[in-house]
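To start, the structure under review is shown below, and the notes come after it.
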Amino acid sequence: MMIVKKSIKEQVYDEIRSRIITREYAPGSVLNITKLSEELGVSNSPIREALAMLAKEDLLTIVANSKYKVVELDEHLLQQVDAALVALLIGSARLCFKMDKVDELEANLEKAYGRQCDDHETTSLKDRYWLAMDFDKEIVLLTENDLIMKDFENLANLLYFSTSLTDKAYENSITEHKAILDAVKKRDFMKVTEALEEHLIKHFLPEERV
């Protein structure tokens, strides 16, 4: 097994990203580079590089005087995230059908669905969110397209940041994933499309984001 050491910039990026998507840094708050440098015990350079990376992922915006602000949550952004995820996952599913990977897709989704259905009483809702997203991620992984995968991960971060998951929403996601899996088993791409739309538009309606 190859052990990959992370650079200081990558470690700083991981830490700040985690604080943003878990809302330790509130939406709209401005990040102070000097304060972050002192807090994390690193120079300003890796802080600036990490913040620039996060800005490219739309988790931060650049404001006056080169300051970075955590993205504001508004309905327009939330609708864009939903729509982008629908388009990306439907496109990825289409590629799986075109590339004759439906058998593999079925097997991978079956495993992901099984993991989601396991008893997770000791798992936090936030951790269960990633478990639910792993099901959707399987569709993207099979495309073997790094650019699509990067877009998915960025959107998943934004969705995590913008959604406060509830027990009801998590249970709904299990039901919706079952519908997607059933459609894949029937090799019915139109049904897969409908199930993905139902999952990613209906499931994340504004009332679910409490």
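The values are calculated or read from the model by the stated rules, or taken from the named source; none is laboratory data. From a predicted model like this one, the values you see are computed outputs, not experimental measurements. Every residue, glycine as well, gets a Cβ built from its backbone with ideal geometry; the counts of neighbours run over all protein chains shown.
The table below gives the values:
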{"item": "Members of region 160-194 found to be among the acidic types (Asp, Glu) and either farther than 14 Å from Val102 by Cα or touching a Lys or Arg at 6+ places or on another chain (Cβ under 7 Å) (or both), listed by number", "result": "Asp167, Glu171, Glu176, Glu194"}
{"item": "Residue count for region 24-37, restricted to those that are surrounded by fewer than 11 Cβ atoms within 10 Å (Cβ to Cβ) and not in a loop (DSSP other than H, G, I, E, B)", "result": "2"}
{"item": "Pairs where the first residue, in region 70-90, is exposed (fewer than 14 other Cβ atoms within 10 Å of the Cβ) and the second is small (Gly, Ala, Ser), C-beta under 8 Å, 6+ apart", "result": "Glu72/Gly28"}
{"item": "Unmet requirement for Pro46, which otherwise passes all of (1) closer than 19 Å to Asn157 by Cα; (2) part of a helix (DSSP H, G or I)", "result": "(1)"}
{"item": "Output for region 10-23, where each listed residue is among the polar types (S, T, N, Q) and not in a loop (DSSP other than H, G, I, E, B)", "result": "Gln11, Ser18"}
{"item": "Unique residue being in a helix (DSSP H, G or I), assigned by TED's automatic domain parsing to the domain that holds Lys150 and touching a Ser or Thr at 6+ places or on another chain (Cβ under 8 Å) when the list is Ala93, Ala83", "result": "Ala93"}
{"item": "Residue in region 160-170 that is among the polar types (S, T, N, Q), surrounded by 19 or more Cβ atoms within 10 Å (Cβ to Cβ) and outside any loop (DSSP other than H, G, I, E, B) present", "result": "yes"}
{"item": "Scope region 126-159; condition surrounded by 18 or more Cβ atoms within 10 Å (Cβ to Cβ), modelled with pLDDT under 90 and among the aromatic types (Phe, Trp, Tyr); matching residues", "result": "Tyr129"}
{"item": "Unique match (being on the phi > 0 side of the Ramachandran plot and free of Cβ contacts under 8 Å to residues at least 60 places away in the same chain) among Asn32, Asn65, Asn44", "result": "Asn65"}
{"item": "Options Glu75, Glu39, Glu15; residue that is among the charged types (D, E, K, R) and within 17 Å of the chain's Cα centre (by Cα)", "result": "Glu15"}
